[in-house]
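Taking it in order: structure first as structure tokens, then the write-up.
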Amino acid sequence: MSDTPADPLPVRALNQVTYCPRLYYLQYVDGVMPVNEHVEAGLFDHRRVDAPELQNKTRAEGNTTTSRGITLCSKRLGITAVLDVIEEKNGEQYPVETKHGKAPHDADGRPTVWENDAVQLCAQALLMEEAFGQPVRRGYQFCASSRVRVEVQFTDELRHKTLAAIARCRELEQADKPPEPLRPEERHKCFGCSLAPVCLPEETLFHITRPAAPVAEQSTGTLLRRVIPTSDDGAVLYLQEPGSVVGKRSEHLIIRKDGHQLGQVPLHAVRHVVVCGNVQVSTQALQTLLENDIRISYLTGHGRFLGAVVPAVAKNITLREAQFRRFSDPAVCLQLAKAVVRAKIHNQRALLMRCLRGEEEIRGSDEPAARDLWNLLRGLDDAENLETLLGIEGQGAALYFSQFGRFLKPAPTGGGFDFQSRNRRPPRDPVNALLSFAYAMLAKDCFAAVCTVGFDPYKGFFHQGKHGKPSLALDLMEEFRPVIADSVVLTLLNNQSLTKSDFLIWRDACQLTDRGRRTFFAAYEKRKATEISHPVYGYRMSYARMLEVQARMLAAFVREEIPYYTGFMVR
């Protein structure tokens, strides 16, 4: 948000607010500015206009004088702009704006411009009139894809729309939450929008227009039109070679040890760097990672999550204000905690039934533990406070882990793994060591998700009073423990991808070897890349994307955009 109401608006903001007020709010109030292929293409088309050597330069081409990159500002209007081109011909001045797409056509088949683009061009004309004292009656838009130059007349109606757009921007600056997504007849604008993965228009409207469903009906898989990617671009780079040093060369990360290069990774292929143990990352490499919006997570050699180096904190202070206000309300905390615990127990029960299905020809749902977990789910709504809910969650965990040893398949050659009970700090056997390591990885990813959305990760609604703990990240990860972390552990052990030689046991502590960690990282990332159908929205996405989607829907609830939050539950 601007520091003062008098700060001038860039005229491109008028384009956004006319196109979609929610887009304007997210980009200019919350400060979220992702880039997709359409944005990149627009920047490419402006490469000549934005060239520093051409800015504020005037040249004559025949009977036309052309000036590029002219900065104008009006305190009276409260707007500013760097004009692509100002042309002067026969004593008349007019702006020329370059746009990436093709020119639309009117009912008669003539090329025209979109209303939001016309408003942006008209705002440039208003700036020119104030700066040069001459009326500007028309301008031009050059559509790069179709190589068409379209004339725009600055009518009284268009000028009124432009002034109304300025007023609308100022109004939204004072709002505590974004406006609702576009109406159904305008929803086509969402496809191709770089902010669609942040805005989540279909998902938000689903919750606004539909009351909370009964528990038994929450996994209906209603099919929405998917406007977000199915997965994240780029890979997670794990660095764990003790004594290695990570530096930067050109557009690559270089990993060295004892003067020898161990590998190099192109920056464009990385979205997250995880540093395990004694690995040094140079200042130049850290700066480059942050400039490219790549976060760095630090873990101990044992796998305990320490913290993260992240790009500048998101500007959406209104979300953090709402977070602290709403999470101070016991009723809100209880409502959210019930949704999270319900999802966790549901997913534990689903994994239990899958793992025990067919054992002695007994259906998984007939297992006593499965029935007991179902009874816990039925009693969740009766919990009147967080302490009672913590007790129910604890009972569910005890039931689940009492059967976890049965999830492990005996090794054909003997020498399999045994699990008696859950233990930690430190874990004393391979299965518990693997579970603790998996939970640390999941905590790292949930921490990244809540920070990406703009939350304070240390203010939670369920894990309260744990000073120094990223409580909100721990809240979010509860839903995903069984389906991501526990699933990876069972896959590695039941497929014999890990053996007892991949663990080190010293006194009462157990941990993975370097080779064991490498095997785990590969399996963990493969699991996160697995695409599944969202149980509520119906379309497919990866588990990695699911973490962010859930965090964003939690943010929508915290801001009171939607009336309820639904935890992620597998079908």
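The values are calculated or read from the model by the stated rules, or taken from the named source; none is laboratory data. None of these values were measured; they are calculated from a predicted model. All Cβ positions, glycine included, derive from the backbone under ideal geometry; neighbour counts span all protein chains shown.
The table below gives the values:
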| quantity | calculated |
| --- | --- |
| Residue within the stretch 140-149 that is modelled with pLDDT of 90 or more and under 26 Å from residue 170 (Cα atoms) present | no |
| Verdict on residue 252 being within 28 Å of residue 529 (Cβ to Cβ), modelled with pLDDT of 80 or more and not assigned by TED's automatic domain parsing to the domain that holds residue 534 | yes |
| Residue within the stretch 340-350 that is part of a helix (DSSP H, G or I), at pLDDT below 85, in contact with a helix residue (DSSP H, G or I) (Cβ under 8 Å, 6 or more places away or on another chain) and assigned by TED's automatic domain parsing to the domain that holds residue 461 present | no |
| All positions within the stretch 517-545 that are without any contact (Cβ under 8 Å) to a residue 40 or more places away in the chain and aliphatic (A, V, I, L, M) | 522, 523, 532 |
| Residue check, residue 487 free of Cβ contacts under 8 Å to residues at least 24 places away in the same chain and either touching a helix residue (DSSP H, G or I) at 6+ places or on another chain (Cβ under 9 Å) or under 23 Å from residue 235 (Cα atoms) (or both) | no |
| Qualifying positions in the stretch 477-510 - within 19 Å of residue 526 (Cα to Cα), among the acidic types (Asp, Glu) and surrounded by fewer than 15 Cβ atoms within 10 Å (Cβ to Cβ) | none |
| Odd one out for residue 425 among (1) at positive phi; (2) part of a helix (DSSP H, G or I) | (2) |
| Residue 194, sole failed condition from (1) at pLDDT below 80; (2) not in a loop (DSSP other than H, G, I, E, B) | (2) |
| Pairs, first within 9 Å of residue 429 (Cα to Cα) in the stretch 499-513, second aromatic (Phe, Trp, Tyr) and at pLDDT 85 or above, C-beta under 9 Å, six or more apart | 510/503; 511/437; 511/503 |
| Filtered residue count, the stretch 542-571, keeping only those that are outside any helix (DSSP H, G or I), over 13 Å from the mean Cα position of the chain (by Cα) and not aromatic (Phe, Trp, Tyr) | 10 |
| Residue match in the stretch 118-136 (condition: out of contact with any strand residue (DSSP E or B) (no Cβ under 8 Å at 6 or more places or on another chain), more than 23 Å from residue 75 (Cβ to Cβ) and without any contact (Cβ under 8 Å) to a residue 24 or more places away in the chain) | no |
| Residues located in the stretch 89-113, provided they are free of Cβ contacts under 8 Å to residues at least 40 places away in the same chain and surrounded by 16 or more Cβ atoms within 10 Å (Cβ to Cβ) | 111, 112, 113 |
| Residue in the stretch 153-162 that is part of a helix (DSSP H, G or I) and among the aromatic types (Phe, Trp, Tyr) present | no |
| Conditions (1) more than 19 Å from the chain's Cα centre (by Cα); (2) free of Cβ contacts under 8 Å to residues at least 12 places away in the same chain; (3) under 27 Å from residue 515 (Cβ atoms); number of the one not met by residue 285 | (2) |
| Inter-residue pairs, beta-carbon under 7 Å, first free of Cβ contacts under 8 Å to residues at least 24 places away in the same chain and in the stretch 317-343, second among the aliphatic types (A, V, I, L, M), 6+ apart | none |
| Residue 4 vs. criteria at pLDDT below 85, outside the structural domain of residue 152 (by TED's automatic domain parsing) and either at negative phi or in a strand (DSSP E or B) (or both) | yes |
| Residue match in the stretch 441-457 (condition: on the phi < 0 side of the Ramachandran plot, in contact (Cβ under 8 Å) with a residue 60 or more places away in the chain and not in a helix (DSSP H, G or I)) | yes |
| Cross-chain or 6+ apart pairs with Cβ under 6 Å, the stretch 165-193 first and under 18 Å from residue 316 (Cα atoms), then among the acidic types (Asp, Glu) and not in a helix (DSSP H, G or I) | 177/561 |
